[in-house]
Each structure stands twice: as C-alpha cells, then as structure tokens.
Amino acid sequence: SKDYGIMQINDFHSKRLREMGYSEEMLISHPCLSVHYAAKLLNEFMMMYGRGWEAVGAYNAGTSPKKKKERLKYAEDIYRRYLRIAAESKQNNRRI
C-alpha cells in the first residue's frame, strides 16, 4: 500500500477521497487538506470505537474485524512515541 501527504493517508481511502472531489496529489501538495482529511477520518473512527487508542489504530490498520490485532499494535506504537515525546518535552522545560 501507499501513503500520501503529511498525514500519511493510506491509498485504501483513495476511492472515498475521489468521491469527495480530492486526489492523492492534492494531499501531497496541500498539507492543510491532508490534516483536514486525516482529522475527518480519525473523527469517524472515534465514532466507531470511542475516544480511545483503537480509533487511532484504525487510522492505520482499518476497521475490519480481522485487523484488530494490527490496530492495537499500531496504537501501542503511537502511544509509546507519545510517552517518549512527552518525557523529552518535560526534560526540555526543566532546562529553561
């Protein structure tokens, strides 16, 4: 699969993207559009899974029941990155 734009929107969403009048090229050349579309997707996943990490996982792995393991793995990876960034930010604030 292939991902497009600053928000790395997967080509799985290409058909839907075209139905909305957008293209993969637009996601690449218009970062704000990429962020807007990604937020729309994430909101839809939160409506399906609640405001938790499985919704974040669906952003990457999709919504198929067969993909639950992949959703949780991706969400765990993002959560670890979040913790690392938060810790680094806390360290940087102490130095100021």
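Before moving on, here are some points about what is shown:
- Residue count, region 42-52 (criterion: surrounded by fewer than 18 Cβ atoms within 10 Å (Cβ to Cβ), within 16 Å of I78 (Cβ to Cβ) and within 11 Å of the chain's Cα centre (by Cα)): 1
- Of the set (1) part of a helix (DSSP H, G or I); (2) at positive phi, all apply to G21 but (1).
- Qualifying residue in region 71-91 (condition: outside any helix (DSSP H, G or I) and either in contact with an Asp or Glu (Cβ under 9 Å, 6 or more places away or on another chain) or among the small types (G, A, S) (or both)): no
- Evaluation of E24 against (1) touching a residue at least 12 places away in the same chain (Cβ under 8 Å); (2) within 14 Å of the chain's Cα centre (by Cα) (one fails), failing number: (2)
- Residue within region 74-91 that is within 11 Å of the chain's Cα centre (by Cα), on the phi < 0 side of the Ramachandran plot and not hydrophobic (A, V, I, L, M, F, W, C) present: yes
- Among the candidates S29, S34, S14, residue that is in contact with a helix residue (DSSP H, G or I) (Cβ under 7 Å, 6 or more places away or on another chain), over 22 Å from L72 (Cα atoms) and at pLDDT 95 or above: S34
The values are calculated or read from the model by the stated rules, or taken from the named source; none is laboratory data. Here the structure is a predicted model, which is why all the values come from computation and not from measurement. Here Cβ is always computed from backbone atoms with ideal geometry, including for glycine, and neighbour counts include all displayed protein chains.
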